[in-house]
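The values are calculated or read from the model by the stated rules, or taken from the named source; none is laboratory data. All of these numbers come straight from a predicted model, not from anything done at the bench. Positions of Cβ are backbone-derived with ideal geometry, glycine not excepted, and every protein chain shown enters the neighbour counts. SASA here: full protein model, heavy atoms, side chains in, ligands and nucleic acids out. Shrake-Rupley method; radii C 1.70, N 1.55, O 1.52, S 1.80 Å.
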Amino acid sequence: MTLFDQTELFVPGSKGKKIFELPDGEVVLMDHFFNKAESDHYYETLLAQTPWREYQMPMYDKVVTAPRMIAWFEDAAASNNPTVPAFTPELTAIRSRVEAETQLCFNAVLLNLYRNGKDGVAWHSDKTNKSGIDPVIASVTFGEMRLFRLRHKTRKELPVVEIPLHHGSFLLMTGNTNSFWEHQVPKTTRDILPRINLTFRQVIRK
């Protein structure tokens, strides 16, 4: 994985907390959740040291390679699969900050690497087989700013919500958000650097 020595291009958003007034949803954005030095460090470390992999996903009547790379980590106590890697020191430190803010516990994290503007994720709601019907989704971003978009599943009169996720930002989705809203990260034709997104999860093991 190539390291980019251009992290000065990654501009944090405005400081502060923003609560989005969404019907049937609870979404909070915190820019500058990690300061610039911390964000640069985590970006460079995760980009270089994470065991990124491509994966296949079904699309209509065929299987295609997803337009992004992923990695999945779990606490040893949460995992029943010895091949799943455990949290690294960096992931543990990031999780600790998230847990201190939310007063919640997370035992797994999905990392997504958007290598350039050609990578993205289509409209979807998170799967509920591992985290329950309305999972808490705690999302941290390092690297290039990308838009995070939300649309209501049934109330088509509601406008699409666009949230810029900057370097070092933290987005929290709770309540019934996953049941009533879909989200996406759209592709872009802009010439941009990579973005790393971490979504911390509460995996339920039976």
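Structure above, values below:
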{"quantity": "Area of Phe33 that stays accessible when all protein chains are in place (1.4 Å probe, Å², to 10)", "calculated": "30"}
{"quantity": "The chain - Rg over Rh from alpha carbon coordinates, Kirkwood radius", "calculated": "0.93"}
{"quantity": "Area accessible to solvent at Thr189, 1.4 Å probe radius, in Å²", "calculated": "150"}
{"quantity": "Accessible area of His152 in the full protein assembly, 1.4 Å probe (Å², nearest 10)", "calculated": "10"}
{"quantity": "Karplus 3J(HN,Hα) series, Hz, for the stretch 190-198 with 6.51 cos²θ - 1.76 cosθ + 1.60 (x for Gly, Pro)", "calculated": "5, 7, 10, 8, x, 10, 10, 10, 10"}
{"quantity": "Cross-link table Lys15/Lys127; Lys153/Lys187; Lys15/Lys153; Lys62/Lys153; Lys36/Lys153, entries beyond 28 Å C-alpha to C-alpha", "calculated": "Lys15/Lys127; Lys15/Lys153; Lys36/Lys153"}
{"quantity": "Eligible aspartates and glutamates near Lys17 by straight Cα distance, threshold 15 Å, same-chain separation 8 or greater", "calculated": "Glu26, Asp31, Glu101"}
{"quantity": "Whole-number accessible area per residue in Å² for the stretch 123-189, which is evaluated in the context of all protein chains at 1.4 Å", "calculated": "44"}
{"quantity": "Separation of the Thr83 and Lys118 label points, Cα + 7 Å toward Cβ, nm", "calculated": "2.9"}
{"quantity": "Share of carbon and sulfur in the accessible heavy-atom surface of the chain [1.4 Å probe, %]", "calculated": "53"}
{"quantity": "Asn176 versus Val64: modelled label distance in nm, points set 7 Å from Cα along the beta carbon direction", "calculated": "3.3"}
